[in-house]
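Readers should treat all values here as calculations from the given coordinates under stated rules, not as data from a laboratory. Just so it is clear, the model here is predicted, and its values are computed rather than measured. Counting neighbours? That spans all protein chains shown, and the Cβs are built from the backbone with ideal geometry, glycine included.
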Amino acid sequence: MLFATYSTGFKSGGFNSGNANTALGQLRVFNPETVEDYELGFKFQTSDRVLTLNATAYRMDVSDFQERALFGITPVVQNVGSLRQQGIEAEMTLKPIERLQLNAAIAYLDSKFKSYPNAPNIPGLTPATHDLSGYPLTFSPKVSGTAGIEYSAPVNDGLRVSLRSDLSYTGRHYAGTTIDGNPFTIQPGYALLSARATLFGRDDRWSIALFGDNLTDKRYCTNIAVQVFDAPLGLRNPTTGTGLRCFVGNPRTLGVRLTTSF
């Protein structure tokens, strides 16, 4: 199947309340955010359903993008200009033999602010704002993907066992909770490995699973936030002129999960 779509949407405007700062008075009201989305792709499956392949190319143009920026210690929603998100996503499922399934997915994202002239500057530096036109949106890695393998087979008395392992990859990206182009909020690319062995009861009425997530114990930041009152607390880095807090992703996790349905 070949397809093409065009769609539009919006996020309503609003008000920033509880702020008596004169300098921020002009930021009390923010306008609606609008988006235009274009997609072109295909969906393919062989007649025996051994191979399934889907791919989509897309472009999303966002106007009056609503950004939650931090001015001092005050969070303010403001319209920051226009944003373009475009890329390609593809996914595949392959069943080469009975009971074995392979799957993979990859995404390429080209993210760029077409206009963001008055972005908040990196904390601790002057002037108060700078131009982020041409910078990517936060949490927008150029490359990301997943791959997995699963084998399932029946055992005695109507029981079934499933063995599965997954690998996910997230490319280098800005992980800051504020869009300010701070190079110290860049999270390097990382991969996470997980595995699971599951025993299913008759008619899948119950299951017991042994699982392991982040088996290589990779340390990474899910997001990086500006530390409020970093200087008074003695947490400001004198070299970078800013204080940041890394919210660390879950470490290696092992466990047992029991489920039942009734």
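Give, in nm to one decimal, the length gained when the segment between Thr146 and Asp217 is fully stretched (0.36 nm per residue of separation minus the Cα-Cα distance).
Details: separation 71, 0.36 × 71 = 25.56 nm, distance 1.77 nm.
Once the chain is fully extended between Thr146 and Asp217, it gains 23.8 nm.
How much length, in nm to one decimal, is gained on full extension between Asp110 and Ile208, taken as 0.36 nm per residue of separation minus their Cα-Cα distance?
Length difference between fully extended and current span is 31.1 nm.
Which whole-Hz ³J(HN,Hα) couplings does region 222-237 yield from phi under the Karplus relation 6.51 cos²θ - 1.76 cosθ + 1.60, θ = phi - 60°, glycine and proline marked x?
Each residue's phi maps through the Karplus curve to give 6, 7, 10, 10, 5, 7, 5, 6, 4, 5, x, 7, x, 10, 7, 7 Hz.
Can you sort Cys246, Cys221 so the residue with the fewest Cβ neighbours within 10 Å comes first?
Working: Cys246 15, Cys221 19.
So the residues, fewest neighbours to most, are Cys246, Cys221.
If each residue's Cβ is checked for other Cβ atoms within 10 Å, how do Asp110, Asp217 rank with the fewest at the top?
Lowest to highest Cβ neighbour count: Asp217, Asp110.
So which trypsin sites (Lys or Arg not before Pro) in region 155-262 pass both tests, a DSSP loop state and at most 11 other Cβ atoms within 10 Å of the Cβ?
When the trypsin sites (Lys or Arg not before Pro) of region 155-262 are filtered for loop state and at most 11 Cβ neighbours within 10 Å, Arg219 remain.
Which value in nm describes the separation of the simple spin-label points at Thr259 and Phe139, placed 7 Å from the Cα toward the beta carbon?
Computed distance between label sites Thr259 and Phe139 equals 2.5 nm.
Only Cα pairs within less than 10 Å get springs; with that Gaussian network setup on the chain, which residue of Val228, Val62, Val80 has the largest fluctuation?
Fluctuation is largest for Val228.
If the label point is 7 Å along Cα→Cβ of Leu163, which residues in region 197-224 have backbone nitrogen under 20 Å from it?
Under cut-off, by backbone N: 197-201, 207-216.
Only one of the values (1) 1.07; (2) 1.03; (3) 0.95 was calculated from this structure for Rg/Rh (Cα atoms, Kirkwood Rh); name its label.
Comparing each candidate, only (1) matches the computed number.
Taking the number of other C-beta atoms within 10 Å as the exposure measure, put Met92, Met1 in order starting with the fewest.
So the residues, fewest neighbours to most, are Met1, Met92.
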